[in-house]
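The values are calculated or read from the model by the stated rules, or taken from the named source; none is laboratory data. Because the structure is predicted, anything quoted here is derived from the model rather than measured. For neighbour counting, all protein chains shown are included, and Cβ atoms are generated from backbone atoms with ideal geometry for every residue, glycine included. Ligands, DNA and RNA are excluded from the accessible area calculation, which covers all protein heavy atoms including side chains. Shrake-Rupley method; radii C 1.70, N 1.55, O 1.52, S 1.80 Å.
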Amino acid sequence: MSRPKYALILAVTLALVAGLAPGAFPADPIKIAYVDPLSGPFAATGENGLNQFKYAADAINKAGGVLGRQIEIVPFDNKVSPQESLIQLKKVIGDGIQFVFQGNSSGVAHAISDAVQKHNERNAGNRVLYLNYSAVDPALTNEKCHFWHFRFDAHADMKMAALTDVIAANKSIKKIYIIGQDYSFGKAVADGAVAMLAKKRPDIQIVGNELHPIGKVKDFSPYVQKIVASGADAVITGNWGADMVALAKAANDGGLKVPFYTYYAASDGVTAAIGAAGIDRIRLVHETTPGNPTAPKAFGDYITGYRKLHPQNDVNQPRINTGLTMLVQAIKRAGTTDPDKVAAALEGAEFTTLGGDQVVMRREDHQLQMPVYISVHTNKGIKYDLDASGFGLSLESKIEREKAAQPTTCHMARPS
């Protein structure tokens, strides 16, 4: 071999060796656990949530990540079971993951929150942070609040206050039927509806207040028949996922044409199931929306990019982007992934959402303070349809952050 060729090969080899030397690889990624249903009746909801987390993480990574590290979303299937969630949480902690996102089911949220608090109190050097993006039982940021839990969605009472304002203004409503899932969130929805309507419209009669097993009912026809027989002028429900899809189908099949006031009657198959029968009849309380005339163009671009990757799914939880980005910003401010320091950096943090809303993480209870919206199911004038169905949401009103705020009973102890 000639000397010039040898020199060239040697130079290339040395360059490759230098590239593989210790420290030359990027730092290990910051792993973030996603603990939600990826199998069973609520798998569609969990899978879409996971895809939205990965999409948000990709955007963060393309922008440079945080502290010189990339973000990696690690999924754990909890089958929407509190018991299974605790098993998965042990795996999360065993794998050294310090940040846990969960959102589907407040029953699961209570189990995870309690377990995280107990673990952190006993293991000061191995703590984790629980980041709740969708479990909205008010108790979680009231009597059950603690330092290592943060919620990035408006809780059930914040949403019910908005819904009952709309109901109270509709003088044609005299009788209401409440139906929901039999666990902490469903009970919170029912309790909030009864209490708030008693103050705002004491003339309204509650003609039904029923809870059904979560994820167990295949045919809601008997429930719809009860609603029809009650003579209800309207229905309130907090049902979500497969239970909302099945309730919508049964209402359509049973000819139930009264207004529905809902929390989660959109996307993940629900909008398609409601279809034409729900036009101008199904109302939803929710977070920031691309239908808001003041929403930035970037929000639309974000939705369009996601739909290209997942044509049948929607960015139906922009709070996923909010929660993940706020966490990353807190890590950056703290200069570390230490959960205690990141939690301290999250307290009082301000953020501008995809929809242009200014939100604040309230220090007193770790409940995100945010505006909420009321929209109606329609196929007229919508900017982005849902479920690729031709139907979507048209904005009717916005409740500003200050008005949407609710008092807290939280008395938070902070680590010394």
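In the chain, which longest range has no GluC sites (Glu not before Pro) that are both DSSP loop (not H, G, I, E or B) and surrounded by at most 13 other Cβ atoms within 10 Å?
After excluding every exposed loop site, the longest remaining stretch is 144-399.
Given a 1.4 angstrom probe, what's the average accessible area per residue across the chain, in square angstrom?
With all protein chains present, the chain gives 42 Å² per residue.
So for region 18-114, averaging the separation of alpha carbon pairs under 8 Å that are six or more residues apart and normalising by length, what relative contact order in percent results?
37
What shape does region 257-300 take by its C-alpha gyration tensor, where a ≥ b ≥ c are the square roots of the eigenvalues and a/c under 1.5 counts as rounded, a/b above b/c as prolate, and the rest as oblate?
Taking the square roots of the gyration eigenvalues as a ≥ b ≥ c, region 257-300 is prolate.
Kindly provide the helix-only [θ] at 222 nm of the chain, computed as the sum of -39,500 (n - 2.57) over DSSP H runs of four or more divided by all residues, to the nearest 500 deg cm²/dmol?
After summing the helix terms and dividing by residue count, I get -12500 deg cm²/dmol.
Would you mind working out the magnitude of the charge dipole of region 278-366 relative to its Cα centre, with +1 at each Lys and Arg C-beta and -1 at each Asp and Glu C-beta, to the nearest 20 Debye?
My answer is approximately 280 debye.
Express in nm, to one decimal, how much length is gained between Lys174 and Asp58 on full extension, taking 0.36 nm for each residue of separation and deducting their alpha carbon distance.
Answer, rounded to one decimal: 36.8 nm.
Give me the lysines in straight-line cross-link reach of Lys216: C-alpha distance below 16 Å, same-chain residues under 8 apart excluded.
Lys79, Lys249
Output the pairs from Lys54/Lys218; Lys187/Lys226; Lys332/Lys403; Lys90/Lys308 with a Cα-Cα distance over 28 Å in this structure; if there are none, say none.
Pairs exceeding 28 Å: Lys54/Lys218; Lys332/Lys403; Lys90/Lys308.
Label Leu67 and Lys90 with points 7 Å out from Cα along Cα→Cβ: what is the distance between them in nm?
2.8
Just the Kirkwood number for region 81-218, please: inverse of mean 1/r across all distinct Cα pairs, in Å, one decimal.
Value: 16.6 Å, from the Cα pair sum.
Based on the mean of other beta carbon atoms within 10 Å per residue, what is the order of 238-247, 178-187, 300-309, most packed first?
In descending order of packing, they fall as 238-247, 178-187, 300-309.
For region 177-317, just list the percent of Cα-Cα distances falling in each 5 Å bin from zero outward, please.
2, 9, 17, 21, 19, 13, 9, 6, 3, 0
If a/c stays under 1.5 just call it rounded; otherwise compare a/b with b/c (prolate if a/b is bigger, oblate if not). Do that for region 293-405, with a ≥ b ≥ c from the square roots of the Cα gyration tensor eigenvalues.
Oblate shape, in that a/c is at least 1.5 and b/c is the bigger or equal ratio.
Taking square-rooted eigenvalues a ≥ b ≥ c of the alpha carbon gyration tensor, is region 27-87 rounded, prolate or oblate, where a/c under 1.5 means rounded and, failing that, a/b exceeding b/c means prolate?
Taking the square roots of the gyration eigenvalues as a ≥ b ≥ c, region 27-87 is oblate.
Fully extended, how many nm does the chain gain between His310 and Ala298 (0.36 nm per residue separation, minus their Cα-Cα distance)?
Full extension from His310 to Ala298 adds 2.5 nm.
Given a cut-off of 20 Å, name the pairs among Lys159/Lys200; Lys297/Lys383; Lys175/Lys380; Lys159/Lys199 whose C-alpha atoms lie farther apart than that in the structure shown.
Lys175/Lys380
So which aspartates and glutamates can Lys144 reach, going by Cα to Cα under 19 Å and dropping same-chain residues fewer than 8 places off?
Asp114, Glu121, Asp153, Asp157, Asp191, Asp340, Glu347, Glu364, Asp365
Can you give the % of DSSP beta bridges in the chain that are antiparallel, to the nearest 5?
The answer is about 35 percent antiparallel.
In the chain, if every C-alpha pair distance is counted and binned at 10 Å from zero, what percent goes to each bin?
Calculated P(r), rounded to whole percents: 5, 22, 31, 23, 10, 4, 2, 1, 1, 0.
Could you work out the local net charge near Asp137, counting Lys and Arg as +1, Asp and Glu as -1, over the other residues with Cβ closer than 15 Å to its Cβ?
That sum, taken over residues with Cβ under 15 Å, equals -3.
First compute the accessible area of the chain with a 1.4 Å probe, then give the percent of it belonging to carbon and sulfur atoms.
Using a 1.4 Å probe with all protein chains present, the chain comes out at 55 percent carbon and sulfur.
May I ask you to order 274-281, 51-58, 33-40 by the average number of other C-beta atoms within 10 Å around their residues, highest value first?
So the order, starting with the most tightly packed, is 33-40, 51-58, 274-281.
Could you give the distance between the Cα centres of region 301-315 and region 235-255, to the whole Å?
Cα centroid of region 301-315 versus Cα centroid of region 235-255: 25 Å apart.
So if R0 is 22 Å, what FRET efficiency would Arg414 and Glu350 give, r being the distance between their Cβ atoms, rounded to the nearest 0.05?
0.60
Determine the dipole magnitude for the chain: charges of +1 sit on the beta-carbon of Lys and Arg, -1 on that of Asp and Glu, nothing else is charged, the reference point is the Cα centre, and the result goes in debye to the nearest 20.
540
Using per-residue counts of other Cβ atoms within 10 Å, averaged over each peptide, order 195-207, 330-342 from highest down.
Most protected by this proxy first, the peptides run 330-342, 195-207.
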